[in-house]
Amino acid sequence: MQFFGGSDVSPSPPAPTAAGHNANVMYMFNRNGVCLFYREWNRPLRTLNPQQDHKLMFGLLFSLKSLTAKMDPTSGDKGNLGVPQLPGQGCSFHSFRTNTYKLSFMESPSGIKIILVTHPRTGDLREALKYIYSLYVEYVAKNPLYNPGTPVRCDLFDTNLDQYVRSIS
Amino acid sequence: MIVCVAVVGHQNNPLYIQSFTEADDALKLHHIVHCSLDVVDERVNNPKKSGPLLNETFLGLLYPTENYKVYGYLTNTKVKFILVTTDLDVKDADVRNFFRRFHAAYVDAVSNPFHVPGKKITSRTFAERVSTIVKAFGLSSAG
Amino acid sequence: MVKSETFPASRNRVEKVNAELVTLTYGTIVAQLCQDYENNYAQVNQQLDKMGYNIGVRLIEDYLAKTATARCNNFRETADMISKIGFKIFLNTTPTATNWSADGKSFSLILDENPLADFVELPDDGRAQDELWFSNILCGVLRGALEMVQMSIEAHFVSDTLRGNDSTEMRVTLLKYIDDELPPDDD
């Protein structure tokens, strides 16, 4: 999906470097809208407090999801705009791009939402998000000390995520 | 024909004893089993130089009486299996085979989570399996 | 673009664990529960269900990550997935989903083999045979896992070979689909 015109007009961020960080921010929500995980690698702009920021992001996804489903020309069976959909049901968007960033999104049928904001020129990240989801399963969901539905505080997850995100180009 | 089998714990506590005779001679058989424990201890504590290897579980013929032959088997957890038979010409291989199957049945019985180690084996399945094995013993030696 | 060969090792291979270890571990847990609750089997069943629930809510993530399956279109498909994929990858057995109710909302899972119950003989105290559902943890697992994918279900055993029944049968009933929550209001 391309928003606000197709070409990369200025201001555009510096081109990604081969080894550098292309990822800016990552969010992870559960299906109740609780922000399980938030991490920023590169986010100079900070105008909102974290709670508002998370709420805004969740709201954006929610609206966008129902909007994209509503616009789906291939399926006749649609809910009304604003009526919640079951995760994984119907059509779902996986990314959008602006001139300054790209937002990639995935949702597991269990309602775990992973959002990765990267440089606009990064490629298809669907596999990468699946991989991050598998990291979450390995290091968080399977950790007996982790209480489902609470913010993730797990060093192994952090290190592995950092390492992996660094490799995304 | 096998007249009695027994399982004895490592402190010589009886875990399972079952006789397979019509006559009411359970007491006599228990006595024979009891006596055999001393022989087992002796075998274990004074291994013959040419005797079985250390990890050999089959102890062979423990002692013959006028009517019975008593065989022993010692697991690595020091649980003893005793077999009392009336057959006179018993093939060693048959007895070994019997004990091997008996051991397998025993392992499955103690794997029951509701079995308390060191307590008597009350499992009905175990009793059934043992009697099948005992019956099979008679058949294989006859053939 | 994405280094797919760097997936965690356990993603690509099927993990193997000695079946007897699982059986003995589970058996010990049940036996210990019976001891702790002084053979109050109703409570043991309940506790097993609760433990299963806690496993289920996590296990579903593993299932989804491993299988990458999409949402099921109906409950029948869900039943198929449970028996042919879920049980297959976690217990390596394939129970049969059958005995559908007319409204398609409940079915029976017949477990031809139950790896949890090998070696097991229920205590011979006259009550366990009637009151204890040895494998009750499975009900909890299903309840927890399906709840995470927006299905509220009820599951219970109706027969168990350990009790001398001919088969081991679990009844699963769909109560309702849980709606996704709306984002919190801005205020």
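The values are calculated or read from the model by the stated rules, or taken from the named source; none is laboratory data. Note that the structure is predicted; figures quoted are calculated from it, not measured. A quick note on method: Cβ atoms are made from the backbone with ideal geometry, for glycine too, and the neighbour counts reach across all protein chains shown. With ligands, DNA and RNA removed, areas are computed over all heavy atoms of the protein, side chains included. Shrake-Rupley method; radii C 1.70, N 1.55, O 1.52, S 1.80 Å.
As a quick test, which of the pairs A:K65/A:K102; C:K88/C:K176; A:K70/C:K66 have an alpha carbon distance above 22 angstrom in this structure? Listed pairs above 22 Å: C:K88/C:K176; A:K70/C:K66.
List the DSSP H helices in chain B whose Cα atoms stretch 24 Å or more along the helix axis and whose mean Kyte-Doolittle hydropathy is at least 0.0. Helices passing the filter in chain B: B:26-45, B:124-142.
Beyond 21 Å, what share of the Cα-Cα pairs of region B:2-142 remains, rounded to the nearest whole percent?
39
Alpha-carbon geometry of region C:39-187: the Rg and the Dmax are 16.4, 62 Å, given in that order. B:Y73 sits among other residues whose Cβ lies under 15 Å from its own Cβ, and their net charge, with Lys and Arg +1 and Asp and Glu -1, is +3.
Over chain B, dividing the summed -39,500 (n - 2.57) contributions of all DSSP H runs of at least 4 residues by the number of residues returns a 222 nm mean residue ellipticity of -14000 deg cm²/dmol. For region B:2-142, the number of Lys pairs with C-alpha atoms closer than 15 Å, counting only pairs eight or more positions apart or on separate chains, is 5. Per residue, the average separation of C-alpha pairs within less than 8 Å and at least 6 apart gives region B:2-142 a relative contact order of 25 percent.
Heavy-atom accessible surface of A:S92, to the nearest 10 Å², is about 70 Å², with a 1.4 Å probe and all protein chains retained. When only Cα pairs below 8 angstrom with a gap of at least 6 residues are kept, chain C shows a relative contact order of 24 percent. Note on region C:38-116: with charges restricted to the Cβ of Lys and Arg (+1) and Asp and Glu (-1), its dipole about the Cα centre is near 260 debye. Near C:L122, once Lys and Arg are set to +1 and Asp and Glu to -1 for all other residues with Cβ below 12 Å from its Cβ, the sum equals -3. Put C:M170, A:M71, A:M106 in order of accessible area, highest first, and with a 1.4 Å probe you get A:M71, A:M106, C:M170. Placing B:D38, B:D108 in order of accessible area, with the largest value first and a 1.4 Å probe, yields B:D38, B:D108.
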